[in-house]
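The values are calculated or read from the model by the stated rules, or taken from the named source; none is laboratory data. Just so it is clear, the model here is predicted, and its values are computed rather than measured. Positions of Cβ are backbone-derived with ideal geometry, glycine not excepted, and every protein chain shown enters the neighbour counts.
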Amino acid sequence: MNSTAAHISTGVLLGGTAVLNQAPHSALEWVNIIRRGISSRAVDAMLKSIGLSQAELATALAIPERTLARRKREGLLSSEESSKLFRLARVVVRATQTFADLKTATDWLKSPTPALGGATPLSLVDTDIGAESVLDTLGRIEQGVFC
């Protein structure tokens, strides 16, 4: 979990080409992957990368834990579930870039943040607006505006 920001990408967090069967290079390529559904092996890759339990990940994605377990058995996430997992990966990558360390980034994601009304950033990524608020907060931190 001590990877540097230079080595972290959304694709890597989701298991790389071994899981995705390709290395997407554009947003449009990601759209197609998400629409088809990401392999459920990406869930395990994400869990390993960011050190969450399956229950914590299920909560962060607003996917019932039983549904997540079923998807892992079935082998494929729905497009909506894939979109949520991808959104979380994007936030983790941005936090890692901001803090220059994956461990520091995940610790921040799990900590209550005054700029987010005392909520943990991880608790907000289940919605687009919540994820945007987290990304905006990271942008302010990068600019030296500590909230």
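When restricted to residues that are part of a loop (DSSP other than H, G, I, E, B), among the hydrophobic types (A, V, I, L, M, F, W, C) and modelled with pLDDT of 95 or more, the stretch 88-123 contains 1.
In the stretch 45-63, the residues that are in contact (Cβ under 8 Å) with a residue 12 or more places away in the chain form Cβ pairs under 7 Å with partners that are surrounded by fewer than 20 Cβ atoms within 10 Å (Cβ to Cβ) and among the acidic types (Asp, Glu), at six or more places apart or across chains, as follows: Gln54/Glu65; Ala60/Asp126; Leu61/Asp126; Ala62/Asp126.
Taking the options Asp44, Asp126, name whichever one is touching a helix residue (DSSP H, G or I) at 6+ places or on another chain (Cβ under 8 Å), part of a loop (DSSP other than H, G, I, E, B) and on the phi < 0 side of the Ramachandran plot. Just one listed residue meets the conditions, Asp126. Taking the criterion of being more than 19 Å from Ser9 (Cβ to Cβ), surrounded by fewer than 17 Cβ atoms within 10 Å (Cβ to Cβ) and either in contact with a Cys (Cβ under 9 Å, 6 or more places away or on another chain) or among the aliphatic types (A, V, I, L, M) (or both), the only residue of the stretch 88-114 that qualifies is Pro114. Thr137 fulfils the conditions (1) over 26 Å from Thr17 (Cα atoms); (2) surrounded by fewer than 20 Cβ atoms within 10 Å (Cβ to Cβ); (3) among the polar types (S, T, N, Q) except for a single criterion, (2). If you take the residues in the stretch 129-147 that are free of Cβ contacts under 8 Å to residues at least 24 places away in the same chain and in contact with a helix residue (DSSP H, G or I) (Cβ under 7 Å, 6 or more places away or on another chain), which one is nearest to Ala62 (Cα to Cα)? Top of the filtered list is Gly130. So, Thr120, is that one closer than 27 Å to Glu29 by Cα and either among the aliphatic types (A, V, I, L, M) or surrounded by fewer than 21 Cβ atoms within 10 Å (Cβ to Cβ) (or both) or not? Considered against the rule, which asks whether it is closer than 27 Å to Glu29 by Cα and either among the aliphatic types (A, V, I, L, M) or surrounded by fewer than 21 Cβ atoms within 10 Å (Cβ to Cβ) (or both), Thr120 comes out as no.
Going by what's in this entry, would Thr106 be described as of a type in the set (S, T, N, Q), touching a Leu at 6+ places or on another chain (Cβ under 9 Å) and closer than 21 Å to Gly16 by Cα? Taking the combined requirement at face value, the residue satisfies it.
The condition (being in a helix (DSSP H, G or I), charged (D, E, K, R), touching a Lys or Arg at 6+ places or on another chain (Cβ under 7 Å) and surrounded by 15 or more Cβ atoms within 10 Å (Cβ to Cβ)) is satisfied by just one residue among Glu81, Glu56: Glu81.
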